[in-house]
Amino acid sequence: MATGTRGYLNNFSTTLAENISDSDTTFDITDDTGLDTILGTADYVALTIDDGTNVEIVHVTANSSGTITVDRAMEDTSAVGFLTGDPIELRATAASFE
């Protein structure tokens, strides 16, 4: 579980560039613009994956050219599989206000 300073980036939105299983902790996204800047000053960024049925919050701890490393099933969500093209976005979560 990511700890430390949480980073924020206005209006960050991208999609998954590959299918992921419920146990994948490294996967590709289609656009990583801004993540490196934030991760250079913060320990993690919380992103939400939402396929219209399932919602999972992940903590991104590293990025390498659009391949992100994450802690799965954060903030009382469950890890599930998602498909290429599913949105992954920076959204306000309850923990971001605590």
_Could you work out what % of the accessible surface of the stretch 1-74 is carbon and sulfur, using a 1.4 angstrom probe and leaving DNA, RNA and ligands out of the count?_
42 percent
_Nearest-20 debye value, the chain charge dipole, Cβ charges on Lys, Arg, Asp, Glu_ = 220 debye
*Rg and Dmax of the stretch 11-98, using alpha carbons, in Å: what are they?*
11.7, 33
_What does the extension gain come out to for ASP31 and ASN11, with contour length at 0.36 nm per residue minus their alpha carbon separation?_
5.9 nm
*asked:* Could you compute the net charge surrounding GLU98? Neighbours are other residues with a C-beta less than 13 Å from the C-beta of GLU98; K and R count +1, D and E count -1.
replied: -1
*Rounded to the nearest whole Å², what accessible area per residue is found for the chain with the 1.4 Å probe?*
52 Å²
*Where in the stretch 64-98 does the amide nitrogen come within less than 14 Å of the point 7 Å from the Cα of ASP43, taken along Cα to Cβ?*
71
*the stretch 1-42: Rg to Rh, with Rh as the Kirkwood radius over Cα pairs*: 0.99
*Quick one: which residues, 5 or more positions from ASN19 or on another chain, have an amide H under 5 Å from its amide H? H modelled 1.01 Å from N in the peptide plane, none for Pro or chain starts.*
THR84
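The values are calculated or read from the model by the stated rules, or taken from the named source; none is laboratory data. Remember, it's a predicted structure, so these values are computed and weren't measured experimentally. Glycine also receives a Cβ, built like all others from the backbone with ideal geometry; neighbour counts cover every protein chain displayed. Please note that ligands, DNA and RNA were not included when accessible areas were found on the heavy atoms of the full protein model with its side chains. Shrake-Rupley method; radii C 1.70, N 1.55, O 1.52, S 1.80 Å.
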